[in-house]
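Data first, discussion second: the structure below is written as C-alpha cells.
The values are calculated or read from the model by the stated rules, or taken from the named source; none is laboratory data. These numbers come from a predicted model, not from an experiment. FYI the Cβ positions are ideal-geometry reconstructions off the backbone, even for glycines, and counts take in every protein chain you see.
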Amino acid sequence: MSVEPPPIAVIRNIYFCLSGAVDPAITMKIHPFLLLLITALASYGSTTIVPKASYDRPFELTGPKDLPILCAGIAAAGAALALEYSIQPLTVEEVNGLSREAVNRFDRNATYHYSKSIDDASDIAAYCILAAPLSLLTDRKIRETVKTFSVMYTETVTLAYVLPSMGKGFFKRPRPYVYNTAAPLDEKLSRDARVSFFSRHTTFAFASACFMSSVYGSYNHGSRLTPLVWAGSLGAASAIGYLRFAAGAHFPTDILTGALAGTLIGCGVPYLHKTIHDSARLSLTPFCNGLCLSLKW
C-alpha cells in the first residue's frame, strides 16, 4: 500500500519548522530552492510502503513492449530460417581449395578437431540446458506468474534462435572440420558445413543459463543459492561451448560470439520486464546538525 502525500501546506509548515534550526543567512538563500524541491517531491510521491507481494512479482508484461517483440521475433525467425536454408553447399573443388593456414591463428587449432560422438553429446547437452529454466516452475511464486514467465522464456528462446541464424546466413563460414582430412567428404559437402558463425548451441546455452539465473535471483532475494545457480548454469553453458570446439563444429570466435549474444539475451529479456514501482520514496534523516533529504526510485 502507499501513503498518500500530505497537503502541500502541511509540508511547507514542516519545512519552515525544520529550517528554523539552520543559520538564517543560509536559510534565506536556500528557502526558494528547498521549498520548490519539497513541493515537487510531494506532488510526485511521498514515502511509500512496498508490500511484500511486489517482490513476489518482480516481472510484468506490457502489451506495447511484448507484442512487438513477439511479432518481430516470429517474423525474424522465419526470415532467418529462409536465409540459412538458402545457403548453397560447398563443392568438391571448394573443399579441396581450403587451407587451414588461411585461418587466423586464434581459430586455427579448431581445424584439428573432429568427433561425431562429441557433436551428438553437445546436442543432448544443449537441449537439456535449454529446458533447464522450466525447472523454476517448481517454485510456487513463479507458478503464480506462469504467464509472464512463459512469455519471457519464449522471447529468450526466439532471440537465441534468430541471431545465430542470421549470422550463419550472412557469413556462410565453413566449419572447422571442413579443413580436417579426418572428416568424411559427404559431411563437408552438406549445407550444415557452411554455418559455423556463430554458434547457436552456445547462444542457446548462455541465454538459457543467464535467463534462469536472473529469474531465480529476482524471485529469491538474498538467497544463498543464487551464486550457486549462476555458477552452475554458466559452467554448464561453458562446457557446451567447449564440446562444440572439441567436435570440430565451431571456431573459438564462433563460440565466444555465441556466449556474448546469449548472455545479452538471457540477461536483457528479464531486465526489460522488471516491475517498475511508480511511487518515489522520500525520507528525512537526522544528520550532524541538520537533516538529510533522500529520494529513492
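Has the range 176-198 got at least one residue that is in contact (Cβ under 8 Å) with a residue 24 or more places away in the chain, farther than 25 Å from Ala239 by Cα and not in a helix (DSSP H, G or I)?
Yes, the conditions are met somewhere in the range 176-198.
Output the number of residues of the range 184-200 satisfying the condition of being among the aliphatic types (A, V, I, L, M), surrounded by 20 or more Cβ atoms within 10 Å (Cβ to Cβ) and more than 13 Å from Ile255 (Cα to Cα).
So the count comes out to 1.
Can you tell me which residue in the range 105-128 is farthest from Ser208 (Cα to Cα), limited to those that are within 30 Å of the chain's Cα centre (by Cα) and surrounded by fewer than 13 Cβ atoms within 10 Å (Cβ to Cβ)?
Checking each candidate, the answer is Phe106.
Any idea how many residues of the range 56-84 are outside any helix (DSSP H, G or I) and acidic (Asp, Glu)?
Number satisfying all stated conditions: 1.
Go through (1) under 30 Å from Leu70 (Cβ atoms); (2) in a helix (DSSP H, G or I) for Ile87 and report which single condition fails.
(2)
Report yes if some residue within the range 253-261 is surrounded by fewer than 17 Cβ atoms within 10 Å (Cβ to Cβ), on the phi < 0 side of the Ramachandran plot and at pLDDT 95 or above; otherwise report no.
Yes, the range 253-261 contains a residue that is surrounded by fewer than 17 Cβ atoms within 10 Å (Cβ to Cβ), on the phi < 0 side of the Ramachandran plot and at pLDDT 95 or above.
Here are the criteria: (1) closer than 13 Å to Thr263 by Cα; (2) surrounded by fewer than 21 Cβ atoms within 10 Å (Cβ to Cβ). Tell me which single one Ser218 does not satisfy.
Ser218 satisfies every listed condition except (1).
Identify all residues within the range 75-102 that are modelled with pLDDT under 90 and loosely packed, with under 13 Cβ neighbours inside 10 Å; write none if there are none.
Matches in the range 75-102: Ala75, Gly78, Ala82, Tyr85, Ser86.
Using the structure shown, decide if Thr226 is under 17 Å from the mean Cα position of the chain (by Cα), surrounded by fewer than 24 Cβ atoms within 10 Å (Cβ to Cβ) and farther than 12 Å from Ala132 by Cβ.
yes
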